[in-house]
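Structure, as structure tokens:
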Number of protein chains: 2
Amino acid sequence: MNEDIPRRGLMLVLSSPSGAGKTTLSRRLLEADGNIRLSVSATTRPMRPGEVHGKDYHFISAEEFAAWVAEGKFLEHAQVFGNRYGTPSHLVNDALVAGRDVLFDIDWQGTQQLKEKMRDDLVSIFILPPSHAELERRLRTRALDSEETVQKRMAKASDEISHWAEYDYVIVNTDLDKALADIQAILNAERLKRSRQTGISAFVNSLV
Amino acid sequence: MNEDIPRRGLMLVLSSPSGAGKTTLSRRLLEADGNIRLSVSATTRPMRPGEVHGKDYHFISAEEFAAWVAEGKFLEHAQVFGNRYGTPSHLVNDALVAGRDVLFDIDWQGTQQLKEKMRDDLVSIFILPPSHAELERRLRTRALDSEETVQKRMAKASDEISHWAEYDYVIVNTDLDKALADIQAILNAERLKRSRQTGISAFVNSLV
């Protein structure tokens, strides 16, 4: 990052099958980097104890959600177990204009929706597990479930993995520290792209 | 870098006006990263004491050089003080296929020629000095020359700087260690681009 040069923020998407370490990597990235924040979604799901409106989610009614969809106020939205979730575009745009980066922990379908609307701002990373055996081990350790449940999870993971080629970058998560460093390198590099440095032209004029 | 996944090497171009620290940054990058080497040019200039054929330059005759140009064997070539210099394409291609990266310390004209022929393999970085005053100071310290000579150098630097917008990335070299880290982040990120990881498709097939 060129500290004193104004720049437009970017949207960093991390996708991966369950069991590839994405949640841990997202958390550690947010802890390590003060200039990127997790995107806060709007949802129709009821607030749970301890959750904070505007921090965990923007809790809105089903009617309001439907109206926002109709008005094109979401960059992407989806329905999960009867509840609706979506990314309000004005919140993301405010961050980008202010030079802040936004992290998205979403699947390939959400990524495709974001790409349609925000192609130039999007940086997408797909995280892969180190091997088939390790993926199965991680899905098994997550819960003491039946063989059927594990097989269902494997099928879901396979489906997500099949979309790897739609991403800009691919990281194999063999070592968590190494994978985090890789994500940070990508983030830092993308911040140095000429096209994102909105203040560089004025800076160059001051040089010559 | 995903260590065990075969990938195609990339061509990293560093350009900057004289006095922006490019030579030092190139040297330190080569020392720090074992997988990138400086491109070795062919030249018609006579070999100097201590130089090694094939390491410093490929020393060839003017006739040979002209024949290579006619046969399209150069990715880029130029004439400086009556001597000819060029980048032989087969040497670069051999490196890229073997997954090795090649560093180019060239000006905007060389960069344009490379871009025409190798767009997908090229990653270009422009390095800027931190201020007009600092640029002038560095150009003045380089030699105890006349005011006219310094002004000529400034004009040349301004001309080079005017091409900053033709590069993928722009780094302001305020601090040498920071600028080196920025170049390394860009190099590491570009190595993780899906499109360069020629072995990733086979790896994914082994996962599912």
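Among the residues making up region B:80-121, a single one is over 27 Å from B:A165 (Cα atoms) and in contact with a Phe, Trp or Tyr (Cβ under 9 Å, 6 or more places away or on another chain): B:R84. Only one of the numbered conditions (1) surrounded by 14 or more Cβ atoms within 10 Å (Cβ to Cβ); (2) of a type in the set (A, V, I, L, M); (3) at pLDDT 95 or above is violated by B:A202, and that is (1).
Screening B:K152 against (1) over 26 Å from A:I127 (Cβ atoms); (2) within 9 Å of chain A (Cβ to nearest Cβ) leaves a single unmet condition, (2). In region A:196-208, the residues that are more than 7 Å from every other protein chain (Cβ to nearest Cβ) form Cβ pairs under 8 Å with partners that are part of a helix (DSSP H, G or I), at six or more places apart or across chains, as follows: A:R196/A:E190; A:S201/B:A165. Within region B:58-75, the set of residues being under 14 Å from B:V92 (Cα atoms) and in contact with a Lys or Arg (Cβ under 8 Å, 6 or more places away or on another chain) comprises B:L75 only. Within region B:156-173, restricting attention to residues that are within 7 Å of chain A (Cβ to nearest Cβ) and surrounded by 16 or more Cβ atoms within 10 Å (Cβ to Cβ), which residue is farthest from A:D182 (Cα to Cα)? Once the filter is applied, the top-ranked residue is B:I161. Considering only residues that are of a type in the set (D, E) and farther than 26 Å from B:T141 by Cβ, which ones fall in region B:20-62? Result: B:D33, B:E51, B:D56.
Residues of region B:1-26 that are in contact with a Gly (Cβ under 6 Å, 6 or more places away or on another chain) and within 11 Å of chain A (Cβ to nearest Cβ): B:I5, B:R7. Number of residues in region A:128-137 that are of a type in the set (D, E, K, R) and surrounded by 14 or more Cβ atoms within 10 Å (Cβ to Cβ): the value is 2.
When region B:113-145 is filtered for residues that are among the polar types (S, T, N, Q) and under 12 Å from the mean Cα position of the chain (by Cα), only B:S124 remains.
When the criteria are applied in full, A:H90 fails the requirement of being over 30 Å from A:M47 (Cβ atoms) and of a type outside the set (V, I, T).
Quick check on my filter: what residues within region A:21-31 are in contact with a helix residue (DSSP H, G or I) (Cβ under 7 Å, 6 or more places away or on another chain) and among the aliphatic types (A, V, I, L, M)? Once the filter is applied, which keeps residues that are in contact with a helix residue (DSSP H, G or I) (Cβ under 7 Å, 6 or more places away or on another chain) and among the aliphatic types (A, V, I, L, M), region A:21-31 yields A:L25, A:L29. Each residue in region B:138-154 was checked for being in contact with a Ser or Thr (Cβ under 9 Å, 6 or more places away or on another chain) and surrounded by fewer than 19 Cβ atoms within 10 Å (Cβ to Cβ), and 3 pass.
Residue under question is B:S41, and the condition is that it be among the small types (G, A, S), modelled with pLDDT of 95 or more and either out of contact with any Ser or Thr (no Cβ under 7 Å at 6 or more places or on another chain) or more than 30 Å from B:S131 (Cβ to Cβ) (or both); does it hold?
Answer is no for this residue.
The residue of region A:127-142 that is nearest to the other protein chains (Cβ to nearest Cβ), among those that are touching a Leu at 6+ places or on another chain (Cβ under 8 Å) and not aliphatic (A, V, I, L, M), is A:H132. Scanning region B:97-111 for residues that are aliphatic (A, V, I, L, M) and modelled with pLDDT under 95 returns a single hit, B:I106. Listed conditions (1) touching a residue at least 60 places away in the same chain (Cβ under 8 Å); (2) hydrophobic (A, V, I, L, M, F, W, C); (3) within 14 Å of chain B (Cβ to nearest Cβ) are all met by A:L176, apart from (3).
Being closer than 24 Å to A:L14 by Cα and free of Cβ contacts under 8 Å to residues at least 12 places away in the same chain is the requirement here; does A:E51 meet it? The answer is yes for A:E51.
The values are calculated or read from the model by the stated rules, or taken from the named source; none is laboratory data. Please read these numbers as outputs of a predicted model, since none were measured by experiment. Every residue, glycine among them, receives a Cβ derived from its backbone with ideal geometry; neighbour counts consider all protein chains shown.
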